[in-house]
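Reading through the structure tokens given below for one structure.
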Amino acid sequence: MTPVATPKGVAVLGSTGSIGTTALRVLDRQRERFRVTALTANSNASLLREQARKFSPSFVGMVETQTDADDAWKSGSEALVSAATRDDVDIVLNAIVGAAGLDATLAALHGGKRVALANKETLVIAGDLVREACVTGAGEVVPVDSEHSAILQCITGHPTSQVRRVVLTASGGPFRDWSDDRLASATVEDALRHPTWRMGRKITIDSATLANKALEVIEAHFLFGLPYDRIDVVVHPQSVVHSFVEFIDGSVLAQMSVPTMELPVLYALTYPERVPDQGVPAFDPVKLSPMTYEPVNHERFPALRLGIAAGMAGGAAPAVFNAANECAVAAFLAGRIRFPDIARAIGSALDTLGSTPARTRDELLGADAAARRHVKEKFGC
Ligand code: NAD
Ligand code: MG
């Protein structure tokens with residue numbers, strides 16, 4: 001008789017967000033394989049309560065103190081590390097947005113867990129520390145980001161030495177065809193109208209500036225150990241091909257599906273296995289055609305080049321890039337700065353702070369704080 005495997009315990013950090021709710025839909029279908037043992041959110045007590053009722057986790061955390069929170073819930077940002085390091089947690093699905101996700105990732109890896117990582121900002125701020133934590137703690141990072149999941153699916157079974165380069169696809173966002181004049185007066189509503197993906201507000205703005213693709217280039221560098229000159233970006237407006245891997249013999253593999261995050265979430269949980277699931281609508285190449293490609297317009301979207309340069313510079317630069325972007329995006333969403341000011345704020349923070357050396361967590365978070373102060377002072381964010 002084949003023994004029945006015990007379901008793996010999963011902590012979903014950021015369970016009330018776009019990726020968090022997507023992950024819970026996947027986990028609901030996969031109850032034989034996975035059990036939700038911890039949930040955390042920043043706010044939105046009513047949704048968190050509904051999720052807790054449905055999945056009965058042994059730990060619930062809400063970072064902000066809210067009057068309608070349950071007494072049994074843990075509060076404060078320490079709740080994230082507590083959830084990520086519990087004995088009944090095998091996999092930490094980190095779906096927190098921004099730098100707030102860093103400590104939970106590091107703690108989980110030090111504790112030997114698998115981190116299914118949507119929170120790409122973690123790798124951008126502290127890629128070297130994440131890699132060290134994987135070695136010392138015997139944890140592992142498996143990407144949830146669709147481009148990196150695609151690359152992982154294509155390279156699994158092949159050493160990195162056989163990879164000539166990877167090509168990340170980018171939808172181009174809602175402003176792909178806009179003139180510079182029109183971009184200068186783009187509204188928040190315009191920027192939130194993403195052509196192919198429904199996501200949280202911060203990543204939707206990052207997709208409109210292409211800062212998201214810069215974060216993803218840095219993410220790919222750390223995940224796959226590839227130098228920056230072997231990571232390229234191409235615009236593919238339909239978001240069906242999630243990335244390409246070109247091998248040393250010239251062969252190119254791509255991974256495709258209709259745009260849905262359910263597939264990369266599931267793969268990050270089950271990797272390297274594949275399991276039956278109903279989350280992805282049927283693939284119909286005729287309906288999905290044409291699939292087109294075009295080069296990135298770097299003049300129109302300077303945030304991409306700024307981010308790649310920050311990744312190549314190393315030290316504090318990627319953390320400065322990330323923090324300046326987070327701050328400027330929040331200011332744009334609040335109506336305090338215009339769309340092109342986001343890239344200007346990033347450029348200004350990098351000019352001033354980008355060559356600071358930084359290695360440790362505290363140094364990197366110091367650079368993060370300095371970049372936020374800089375953007376606030378210069379741009380009134
Ligand atoms: P979201 O804004 O929809 O959700 C964010 C979640 O994090 C919420 O549950 C929120 O309560 C929680 N959170 C926010 N601030 C927090 C804090 N300070 N401390 C603790 N928890 C906090 O964001 P999202 O779109 O789900 O994105 C989450 C992450 O996944 C981001 O890093 C994003 O870049 C990445 N990602 C998202 C998608 C997508 O399709 N949405 C795709 C690829 C990668
Ligand atoms: Mg992505």
Item to check | For the range 133-138, Karplus couplings with θ = phi - 60° (6.51, -1.76, 1.60), whole Hz, Gly/Pro x | outcome: 5, 5, 6, 6, x, 6
Checklist entry - Rounded, prolate or oblate: which fits the range 27-92 when a ≥ b ≥ c are the square roots of the eigenvalues of the alpha-carbon gyration tensor, with rounded for a/c under 1.5 and prolate only if a/b beats b/c? => result oblate
Checklist outcome for this item: Here the gain from full extension of residue 77 to residue 362, 0.36 nm per residue of separation minus their alpha-carbon distance, amounts to 101.0 nm
Checklist entry - Among the listed pairs 120/202; 54/120; 113/202, which are separated by more than 18 Å between their Cα atoms? => result 54/120; 113/202
Checklist entry - In what order do 154, 134, 327 fall by count of nearby beta-carbon atoms within 10 Å, going from fewest to most? => result 134, 154, 327
Item to check | Calculated P(r) of the range 124-221 - Cα pairs past 24 Å, % | outcome: 37
Checklist outcome for this item: In the chain the DSSP beta bridges are antiparallel at a rate, in percent to nearest 5, of 30
Item to check | Rough spin-label spacing in nm, given labels placed 7 Å along Cα→Cβ, for residue 275 and residue 64 | outcome: 3.4
Next on the checklist: Can you compute log10 of I(q)/I(0) for the range 159-304 with the Debye formula, treating each Cα as one identical point scatterer, at q = 0.15, 0.16, 0.18, 0.21 Å⁻¹?
Outcome noted: -0.88, -1.00, -1.23, -1.50
Checklist entry - Can you pull the percent of Cα pairs in the chain with separation above 39 Å? => result 12
Checklist entry - Mean residue ellipticity at 222 nm from the helices of the chain, using -39,500 (n - 2.57) per DSSP H segment of n ≥ 4 over the full residue count, to the nearest 500 deg cm²/dmol? => result -13500 deg cm²/dmol
Item to check | Qualifying trypsin sites (Lys or Arg not before Pro) for the range 249-333 [loop in DSSP, other Cβ within 10 Å: at most 12] | outcome: 274, 287
Checklist entry - What does the charge count near residue 176 come to, summing +1 for each Lys or Arg and -1 for each Asp or Glu among other residues with Cβ under 14 Å from its Cβ? => result -1
Item to check | Label-point gap, in nm, between residue 193 and residue 160 - each point 7 angstrom along Cα→Cβ | outcome: 4.2
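The numbers here are math on the coordinates, done by the rules we state, and not lab data. Just so you know, these numbers come straight off a predicted model, no measurement behind them. Backbone-built Cβ (ideal geometry, glycine too); neighbour counts: all protein chains shown.
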